[in-house]
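Before any comments, here is the structure.
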Amino acid sequence: MSDSQVVVVGGGVAGLTAARHLAADGFDVTLFERNEDVGGRVRSRRGDGYIFDRGFQVLFTAYPAARRELDFGALDLRAFSAGATICRGDQRSVLADPLREPGALTQTLFNAEISTMDKLRTLRLRADLRAKSVEEIFAEPDATIEQHLYTYGFSERYVERFVRPFYGGITLDRDLDTSKRVFEFTFKMLSEGKTVVPAGGMGELSDQLADRAITQDARIVTETPVEGIAPGDAAVDVQIPGETVDADAVVVAADPKSSRDLTGVDAIPTDGRGCVTQYFAVPSGHPLANSDRIHLNAGGEVPTTVAPLSGVAPEYAPDDRALVAATTVGHEDAGDDVRIESDGDLETQTRDILSAWYPAASLGDFELLRTDRLPFAQFAQPPGVHEGLPDARAPDGAVYLAGDYTHDASINGALESGRAAADAVSEDLQ
Ligand SMILES: Cc1cc2nc3c(=O)[nH]c(=O)nc-3n(C[C@H](O)[C@H](O)[C@H](O)COP(=O)(O)OP(=O)(O)OC[C@H]3O[C@@H](n4cnc5c(N)ncnc54)[C@H](O)[C@@H]3O)c2cc1C
């Protein structure tokens with residue numbers, strides 16, 4: 001046990017994980033979060049019987065750190081069906097993983113969007129990635145996702161009709177210029193576990209991490225921005241509004257831009273990838289209301305993906321309505337040249353797309369409920385980025401970094417980083 005004081009800056013997934021482990025290691029932990037609630041990029045809001053995550057996002061149950069840090073049972077997880085429904089014009093076809101979902105084998109085999117050779121390559125890729133560890137994936141030579149797929153032998157048709165909307169939606173990069181490691185890691189996670197949301201919304205994940213930290217006696221102080229940190233010889237001064245707090249160590253787990261401002265560590269990546277998620281109510285009789293598979297727009301860019309959330313987790317919508325999330329990749333504030341239209345234009349395009357995909361179904365009282373514009377959903381991950389990311393001990397003095405930006409841009413990366421920062425502090429202070 002130690003009575004050393006540790007301050008954690010930021011109550012996102014990384015900061016909450018760090019606080020929990022530090023408190024469990026016996027430190028006196030105070031976490032300052034500038035917002036009124038914790039969770040950072042993983043939060044949910046409730047309204048009129050709906051649950052709105054802060055932008056459409058999912059958890060992969062195969063994430064190694066999620067398996068360690070979260071209690072899946074208590075999260076009451078709801079799973080999407082594996083694979084995706086590929087939509088173009090009025091054509092819809094299912095591409096599932098036939099090894100995990102034998103019931104979808106026929107649909108997948110007869111999916112005319114994807115050639116037999118590409119289906120076989122997908123199975124080979126799956127086997128190759130099963131044999132590799134996550135560490136091996138991130139240690140291998142890098143390339144863009146697009147380069148890697150062509151080197152692997154996939155056809156242009158496969159890339160255009162499946163990978164661009166699907167992995168473009170995950171990496172928020174339809175150009176597929178992102179590191180192939182992110183593709184391989186995500187592909188492995190998708191094929192080795194389930195894609196889920198907690199019944200009570202993605203924010204439950206952060207709430208569980210906060211509860212676990214509080215159970216270990218960490219203090220969580222919201223609506224308190226840390227304005228500066230000054231490492232000295234023996235302690236670190238932490239400035240909060242109207243007060244300076246002394247700490248033996250500080251873990252900076254803010255978003256990348258704020259972490260860089262607070263610590264001056266230039267290796268923290270600050271280029272971002274963004275998206276816009278619009279939430280729509282659709283009539284409960286619409287086919288999307290009963291679907292549990294992500295729909296990919298293989299015929300255009302707006303929206304990139306459509307997720308039938310209440311078809312997967314009925315708790316996301318009131319009984320007589322269904323909740324659908326339509327996400328368009330790109331954001332003008334992130335420097336993307338994609339033109340992101342007004343809320344009304346996006347709504348019109350989504351309505352048109354859904355009418356084209358399901359021409360026989362009435363959109364009836366289809367209604368835009370909410371638009372989330374997220375200019376910085378993830379830090380950009382071009383090839384080679386991972387070896388340049390800072391590690392927990394990068395700042396001077398007793399200041400440590402946690403945050404997805406020390407690992408990879410995902411919930412898993414954030415969870416891993418929180419644990420790594422806590423371990424570094426424990427090792428150095430005890
Ligand atoms: C729309 C969207 C979709 C996504 N989809 C997925 C997905 O499907 N799967 C996946 O794995 N990942 C996804 N991600 C990425 C994932 O959410 C992030 O990688 C992860 O949540 C980052 O957590 P973090 O704790 O590192 O940072 P953050 O969540 O950014 O937390 C940082 C916290 O620090 C606080 N803070 C900042 N400055 C200060 C300060 N000075 N003082 C006090 N507090 C401060 C912030 O308010 C925030 O709460 C998505 C993200 C978004 C936004």
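Taking the residues in the range 241-258 that are within 8 Å of the ligand (Cβ to nearest atom) and farther than 16 Å from residue 425 by Cβ as candidates, determine which candidate is farthest from the chain's Cα centre (by Cα). Of everything passing the filter in the range 241-258, 258 is farthest from the chain's Cα centre (by Cα).
Being part of a strand (DSSP E or B) and either closer than 19 Å to residue 398 by Cβ or outside the structural domain of residue 35 (by TED's automatic domain parsing) (or both) holds for only one residue in 306, 302, 265, and it is 306.
Taken over the range 146-163, the criterion of being under 16 Å from residue 85 (Cβ atoms) and either touching a residue at least 60 places away in the same chain (Cβ under 8 Å) or not assigned by TED's automatic domain parsing to the domain that holds residue 112 (or both) is satisfied by 161, 162. Taking residues in the range 57-83 that are outside the structural domain of residue 186 (by TED's automatic domain parsing), and partners anywhere that are assigned to a helix (DSSP H, G or I) and within 14 Å of the ligand (Cβ to nearest atom), not one pair has Cβ atoms closer than 9 Å while being at least 6 places apart or on different chains.
Have a look at 10, 55 and point out the one that is crowded, with 17+ Cβ neighbours inside 10 Å and closer than 26 Å to residue 399 by Cβ. Result: 10 is the single residue among 10, 55 that is crowded, with 17+ Cβ neighbours inside 10 Å and closer than 26 Å to residue 399 by Cβ. Checking 32, 52 one by one, the residue that is under 28 Å from residue 170 (Cα atoms) and of a type in the set (Phe, Trp, Tyr) is 52 and no other.
Contact map, the range 273-285: residues that are more than 20 Å from residue 201 (Cβ to Cβ) paired with residues that are more than 16 Å from the ligand (Cβ to nearest atom) and among the hydrophobic types (A, V, I, L, M, F, W, C), Cβ distance under 8 Å, separation 6+ or inter-chain. Pairs shown: 283/289; 283/322; 283/363; 283/366; 285/361. Does any residue of the range 18-28 turn out to be at pLDDT 95 or above, assigned to a loop (DSSP other than H, G, I, E, B) and near the ligand (Cβ under 8 Å from one of its atoms)? The answer is no; no qualifying residue exists. Within the range 295-352, the residues that satisfy the criterion of being among the aliphatic types (A, V, I, L, M) and modelled with pLDDT under 95 are 296, 298, 302, 329, 334, 338, 340, 346. Only one of 414, 392, 361 is in a helix (DSSP H, G or I) and either crowded, with 24+ Cβ neighbours inside 10 Å or in contact with a helix residue (DSSP H, G or I) (Cβ under 8 Å, 6 or more places away or on another chain) (or both); which? Criteria check complete, one pass: 414.
The values are calculated or read from the model by the stated rules, or taken from the named source; none is laboratory data. What you see is a predicted model, and the numbers here were worked out from it, not measured in a lab. With ideal geometry, Cβ positions are generated from the backbone for all residues, glycine too; neighbour counts draw on all protein chains shown.
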